[in-house]
Amino acid sequence: MGDATSMNPAVYIIVGHSGSGKTMLIEALLRELGGRGLRVATIKHAHHKVVLDTPGKDSWRFRQAGAVVSMLVTSGELQLVADAVDRREPSQLAQRFLGEADLVLAEGFSHAKGVKIEVLRRGCSTVPRCSVEDGVIAVVTDIDEVYPQLPHFALDDIAAIAQFLLDKK
């Protein structure tokens, strides 16, 4: 994994209501998948203007948790944070930032096309943010009755969620 020829890493979009635990899930998955030898990148969607790379904020937290590359996308800006760049030629940069990750975890982007994992906590909301038709393939939840046709994972079953992602890759 992580060879220079893997130009299209698998992308999983983590969706859910504000406060549902999306960022905490991604942080835990970064540690779990990184511990399995994978290089995982993150992309964070923000609906509001933010100060980029502020300590304590999500993109900063993802880097602290082990993301080799982290991207924050707003309506008018994009921020990419990565380890110090020692390869500066355009072809080197393209290879590094498009193909280095084994997989990508994107937070938010609920309206984007793609494979989604919904985080739904009873204490936050009982109504999913996205539907199966929107690309939801599994639910990380404490609510048994939502999308019974899909795989369900407990909020703290990080190893099983990581294995599910790897099996889908």
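Here are a few things to note about the model shown:
- When the residues of the range 33-42 are filtered to those that are at pLDDT 95 or above and surrounded by fewer than 19 Cβ atoms within 10 Å (Cβ to Cβ), the one that is nearest to residue 109 (Cα to Cα) is 34.
- Output for the range 125-140, where each listed residue is surrounded by 15 or more Cβ atoms within 10 Å (Cβ to Cβ) and either of a type in the set (A, V, I, L, M, F, W, C) or over 17 Å from residue 107 (Cβ atoms) (or both): 130, 136, 137, 138, 139, 140
- Looking across the range 93-148, the residues that are farther than 27 Å from residue 74 by Cβ, touching a His at 6+ places or on another chain (Cβ under 8 Å) and not in a loop (DSSP other than H, G, I, E, B) come down to 138, 139, 141.
- If only residues of the range 1-32 that are on the phi > 0 side of the Ramachandran plot and modelled with pLDDT of 90 or more are counted, the one that is surrounded by the most Cβ atoms within 10 Å (Cβ to Cβ) is 16.
- If only residues of the range 47-82 that are surrounded by fewer than 18 Cβ atoms within 10 Å (Cβ to Cβ) and assigned to a strand (DSSP E or B) are counted, the one that is modelled with the highest pLDDT is 73.
The values are calculated or read from the model by the stated rules, or taken from the named source; none is laboratory data. Keep in mind it's a predicted model, so treat the numbers as computed, not measured. Note: ideal-geometry Cβ built from the backbone for every residue, glycine included; neighbour counts use all protein chains shown.
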